[in-house]
Structures are given as C-alpha cells and as structure tokens.
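Undergrad: Before we start, here is the structure in question, set down as structure tokens.
The values are calculated or read from the model by the stated rules, or taken from the named source; none is laboratory data. Treat the numbers as computed from the prediction; the structure is a model and nothing was measured. Note that we place each Cβ from the backbone using ideal geometry, even for glycine, and neighbour counts take in every protein chain shown. Surface accessibility is based on the protein's heavy atoms, side chains included, excluding ligands, DNA and RNA. Shrake-Rupley method; radii C 1.70, N 1.55, O 1.52, S 1.80 Å.
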Amino acid sequence: QVQLVESGGGLAQTGDSLKLSCLGSKTRIATYGMAWVRPAPGKEREFVAGDHWRGGTIYADSVKGRFTISTDDTKNTMYLQMNNVKPEDTAIYYCALRIGPASMDSQTYKYWGQGTQVTVSS
C-alpha cells in the first residue's frame, strides 16, 4: 500500500515563503503522476501543481509564478516551494499519486496523504 506523508505546513504572513514536503514509501513516487491539491470554496479539491518525470510540471493559474513543484528521486520526496504566499493560499495541502502523467483532474488520483495545514495571515 502506497503511503504519502506531508510535512512543512505552518503559519505565514503575506509575502512569506513555505516549503512543503511529501515523503513516499513502498513505491518510487518519481515514476508516477504526483500532485499537490487543496480544498477550495465550491470545490472539494482544487489542483495546485503536478509533476511527472515524463510529463513535466503543471500548475494552476492561481499559483503559477509563485509555487514550484519538484521531486527528489534520491529521497523519494516531492516538494512544493511556496513563494509570495497570500491569504487565499490558506488550506490543507494534500499530496496525491496517480498512475500515468500528472493531471489537473484531482479526482483521478488514487493515493492521498493526510494533509498539512498552511495558514497565511494578511
């Protein structure tokens, strides 16, 4: 059973930076489609960013230019570097895994971590 464990969330002020981590176990996550997803008003899950070693990286428009997703295969860990955070970035951030390239459709991800809370104050 694939396990994903997020860490790195916390409190930040507008304009600050945070870095989230997602440690995978029992599978090599770099060979799958990986994503960061968060709840959003009116949506159960909002895609934030995705990474796949063959498909490259993709981002939601709301975070493009501010967030960077990456994967360190040697540590079996995926990251989300969050720069210039805003209050609307406040959410629980989940990492997720799917077979095949990363997708902006969060419903297609099969495995999920427990989430890490990010709170941004103005």
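Undergrad: Counting only residues that are among the aliphatic types (A, V, I, L, M) and touching a Phe, Trp or Tyr at 6+ places or on another chain (Cβ under 6 Å), which one in region 73-93 is nearest to MET34 (Cα to Cα)?
TA: Step by step, filter region 73-93, then rank; the result is LEU80.
Undergrad: Return the residue satisfying two criteria in turn: it lies in region 76-99 and is touching a residue at least 60 places away in the same chain (Cβ under 8 Å) and exposed (fewer than 14 other Cβ atoms within 10 Å of the Cβ), and of such residues it is farthest from LYS64 (Cα to Cα).
TA: Within region 76-99, the match that is farthest from LYS64 (Cα to Cα) is ILE99.
Undergrad: Related question: Checking the condition open to solvent by less than 60 Å² (accessible area, probe 1.4 Å), outside any helix (DSSP H, G or I), touching a Phe, Trp or Tyr at 6+ places or on another chain (Cβ under 8 Å) and in contact (Cβ under 8 Å) with a residue 24 or more places away in the chain, which residue from ALA30, ALA102, ALA49, ALA12 passes? First the steps, then the outcome.
TA: Numbers: ALA30 fails: outside any helix (DSSP H, G or I); ALA102 fails: touching a Phe, Trp or Tyr at 6+ places or on another chain (Cβ under 8 Å); ALA12 fails: touching a Phe, Trp or Tyr at 6+ places or on another chain (Cβ under 8 Å).
Checking each option against the conditions leaves just ALA49.
Undergrad: Considering only residues of region 15-27 that are outside any loop (DSSP other than H, G, I, E, B) and of a type in the set (Gly, Ala, Ser), which is surrounded by the most Cβ atoms within 10 Å (Cβ to Cβ)? Before the answer, list the steps.
TA: Quick first cut of region 15-27, residues outside any loop (DSSP other than H, G, I, E, B) only: 18-25.
Now drop any that are not of a type in the set (Gly, Ala, Ser), which leaves 21, 24-25.
Working: SER21: 17, GLY24: 23, SER25: 11.
The residue in question is GLY24.
Undergrad: Would you mind stating whether SER21 is of a type in the set (S, T, N, Q), modelled with pLDDT under 95 and in contact with an Asp or Glu (Cβ under 8 Å, 6 or more places away or on another chain)? Outline the logic, then answer.
TA: Working: of a type in the set (S, T, N, Q): yes; modelled with pLDDT under 95: no; in contact with an Asp or Glu (Cβ under 8 Å, 6 or more places away or on another chain): yes.
For SER21, the condition - of a type in the set (S, T, N, Q), modelled with pLDDT under 95 and in contact with an Asp or Glu (Cβ under 8 Å, 6 or more places away or on another chain) - is not met.
Undergrad: Out of region 105-119, which residues are modelled with pLDDT of 95 or more, surrounded by 20 or more Cβ atoms within 10 Å (Cβ to Cβ) and farther than 15 Å from TYR79 by Cα?
TA: Scanning region 105-119 gives a single hit, TYR109.
Undergrad: Determine the pairs where a residue that is in contact (Cβ under 8 Å) with a residue 40 or more places away in the chain and at negative phi, located within region 52-63, has a partner that is surrounded by fewer than 17 Cβ atoms within 10 Å (Cβ to Cβ) and in a loop (DSSP other than H, G, I, E, B) with Cβ atoms under 7 Å apart, the partner being 6 or more residues away or on another chain.
TA: Cβ pairs passing all conditions: HIS52/PRO101; ARG54/PRO101; GLY55/PRO101; ILE58/MET104.
Undergrad: Taking the condition closer than 16 Å to SER7 by Cα, of a type in the set (S, T, N, Q) and either open to solvent by less than 60 Å² (accessible area, probe 1.4 Å) or more than 14 Å from the chain's Cα centre (by Cα) (or both), does THR71 pass?
TA: Details: closer than 16 Å to SER7 by Cα: yes; of a type in the set (S, T, N, Q): yes; either open to solvent by less than 60 Å² (accessible area, probe 1.4 Å) or more than 14 Å from the chain's Cα centre (by Cα) (or both): yes.
Spelling it out, THR71 is indeed closer than 16 Å to SER7 by Cα, of a type in the set (S, T, N, Q) and either open to solvent by less than 60 Å² (accessible area, probe 1.4 Å) or more than 14 Å from the chain's Cα centre (by Cα) (or both).
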